[in-house]
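One structure below.
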Amino acid sequence: MVIVDAHTHVGNFRNDFAPIHALAERLNYDKFAVLSLQCAGRLLQNLTCALCKAMRPKTTYAFGGLDYLTGRDFASQAAMMREMGFDGIKMLEGKPTTRRLLGNALDDPMYDGFFSYLEETGFPVLLHIVDPPEFWDKDKVPDWAEERGWYYGENDVPYGQYYEEIERMLNKHPKLKAIFAHFYFLSGEPDKAQKFLDDHPSVSIDITAGIEMYENFSKDPKFWREFFIKNSDRIIFGTDSSDSDPDDGEPADSKVDLSGYAGMEIDFVRFDKDLEIYDKKLHGLGLPDDVLQKIFAENYYGYAGREPKKLNAAAITNEAEFLRGFMKKEKDVNDLEYIAERLKKIL
């Protein structure tokens with residue numbers, strides 16, 4: 001069985017991304033994708049992802065991210081990332097904590113040229129939109145989520161507004177090749193999930209946990225097994241695994257425990273049996289092999305290609321030189337120099 005993990009994060013470049021590579025080997029991944037979180041103000045994330053891809057170019061996809069600090073328009077940034085050899089774009093802009101930081105609606109006209117460029121070129125985008133609905137309810141939000149700042153109160157964008165914005169955005173860009181992370185947080189509303197897929201034939205959803213998603217699936221495995229089979233062309237495997245240390249300033253929405261969720265997520269779709277992860281009791285779906293192969297690899301290939309794109313050394317060097325002028329801290333300068341030198345040697 002070919003397995004592509006379409007949703008991982010990296011930052012541990014001084015350790016050659018050893019944890020994420022060890023995960024890929026342990027779980028017999030054929031390929032995996034690293035997704036940039038550049039939009040959160042971390043200007044080295046795209047180059048970090050490029051370095052991870054450069055180390056294993058045959059098996060690593062990389063999705064870049066937009067920056068909001070250098071003054072470049074978004075469509076030109078997308079073109080620049082294509083030229084560098086990225087395989088797509090990751091947007092964390094729809095996560096409520098990022099929304100607090102940036103303040104931009106996803107259907108804001110400021111993004112029109114950007115989404116039009118993606119639509120016209122077929123360059124894929126993977127979007128994190130909203131969070132679990134219970135994060136808007138003080139009585140239901142889990143303690144661990146509230147501790148991470150993921151309780152959203154009256155000063156935050158309402159839960160339903162995110163879906164309204166995406167509907168308007170997709171109506172403007174109906175051919176956008178988009179993957180919506182975390183099952184679009186609709187595992188508790190299967191009718192809405194089905195309608196979303198029916199209304200927007202160019203989009204897919206990934207099954208990256210959110211553990212609440214797997215709890216919802218486990219409440220009615222028979223129903224969800226049929227849902228997955230019916231929509232087998234529209235579901236993509238991912239884990240959100242990360243090589244980041246929780247104390248190094250990396251965003252808290254990246255999983256750090258590489259021994260837990262990732263293996264469970266594979267077993268969940270493969271086996272019709274009880275599963276346990278931490279304190280959660282789940283029950284897997286036991287999907288047919290032909291459906292599994294679509295979810296594990298084929299559907300993703302339809303967005304990013306069967307092979308990762310080749311990196312462009314000259315374009316990457318130009319981007320590193322450009323970013324040098326925006327490094328304000330000595331650590332950032334040193335990190336940029338380290339990453340740029342590693343890329344120069346490899347490419």
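The values are calculated or read from the model by the stated rules, or taken from the named source; none is laboratory data. These numbers were taken from a predicted model, which means no experiment stands behind them. Reconstructed Cβ throughout: ideal geometry from the backbone, glycine too, with neighbour counts over all protein chains shown.
Which of the residues belonging to the stretch 94-114 are under 30 Å from Glu154 (Cα atoms), part of a helix (DSSP H, G or I) and in contact (Cβ under 8 Å) with a residue 40 or more places away in the chain?
Pro96, Thr97, Thr98, Arg99, Arg100, Leu101, Leu102, Tyr111, Asp112
If I filter the stretch 46-62 for residues that are surrounded by fewer than 22 Cβ atoms within 10 Å (Cβ to Cβ), over 14 Å from the mean Cα position of the chain (by Cα), over 22 Å from Gly305 (Cβ atoms) and touching a residue at least 12 places away in the same chain (Cβ under 8 Å), do I get at least one hit?
No, because not a single residue in the stretch 46-62 is surrounded by fewer than 22 Cβ atoms within 10 Å (Cβ to Cβ), over 14 Å from the mean Cα position of the chain (by Cα), over 22 Å from Gly305 (Cβ atoms) and touching a residue at least 12 places away in the same chain (Cβ under 8 Å).
Checking the condition in contact with a helix residue (DSSP H, G or I) (Cβ under 9 Å, 6 or more places away or on another chain), of a type in the set (Ser, Thr, Tyr), more than 26 Å from Asp272 (Cβ to Cβ) and modelled with pLDDT of 95 or more, which residue from Tyr184, Tyr159 passes?
On inspection, the qualifying residue turns out to be Tyr159.
(1) touching a residue at least 40 places away in the same chain (Cβ under 8 Å); (2) more than 20 Å from the chain's Cα centre (by Cα); (3) over 20 Å from Ile89 (Cα atoms): which one isn't true of Lys294, the others all being true?
Answer for Lys294: the failing condition is (2).
What are the residues in the stretch 67-78 that are loosely packed, with under 15 Cβ neighbours inside 10 Å and of a type in the set (Gly, Ala, Ser), if any? Break it down into steps so the answer makes sense when it comes.
In the first step, residues of the stretch 67-78 are kept if they are loosely packed, with under 15 Cβ neighbours inside 10 Å; the result is 69-73, 76.
Correct list: Gly71, Ser76.
Please specify each residue of the stretch 69-87 satisfying the condition of being in contact with a helix residue (DSSP H, G or I) (Cβ under 6 Å, 6 or more places away or on another chain) and either under 19 Å from Leu126 (Cβ atoms) or among the basic types (Lys, Arg) (or both). First the steps, then the outcome.
Pass one, the stretch 69-87, residues in contact with a helix residue (DSSP H, G or I) (Cβ under 6 Å, 6 or more places away or on another chain): 74-75, 78, 83-84, 87.
Result: Phe74, Ala75, Ala78, Met84, Asp87.
Kindly indicate whether Ala145 is at pLDDT below 95, assigned to a helix (DSSP H, G or I) and surrounded by 15 or more Cβ atoms within 10 Å (Cβ to Cβ). Walk me through it before giving the result.
Numbers: at pLDDT below 95: yes; assigned to a helix (DSSP H, G or I): yes; surrounded by 15 or more Cβ atoms within 10 Å (Cβ to Cβ): yes.
Here the answer is yes, as Ala145 does meet what is asked.
Can we say Lys310 is part of a helix (DSSP H, G or I) and either on the phi < 0 side of the Ramachandran plot or not basic (Lys, Arg) (or both)?
no
Of everything in the stretch 129-150, what is touching a residue at least 60 places away in the same chain (Cβ under 8 Å) and within 22 Å of Ile235 (Cα to Cα)? Give them in sequence order.
Pro132
If I ask for residues that are within 26 Å of Gly64 (Cα to Cα) and either exposed (fewer than 13 other Cβ atoms within 10 Å of the Cβ) or in contact with a helix residue (DSSP H, G or I) (Cβ under 9 Å, 6 or more places away or on another chain) (or both), which ones from the stretch 287-306 would you list?
Scanning the stretch 287-306 gives Ile295, Phe296, Arg306.
Scan Gly160, Gly122, Gly85, Gly94 and give me the residue that is touching a Leu at 6+ places or on another chain (Cβ under 6 Å) and within 21 Å of Asp199 (Cα to Cα).
Result: Gly94 is the single residue among Gly160, Gly122, Gly85, Gly94 that is touching a Leu at 6+ places or on another chain (Cβ under 6 Å) and within 21 Å of Asp199 (Cα to Cα).
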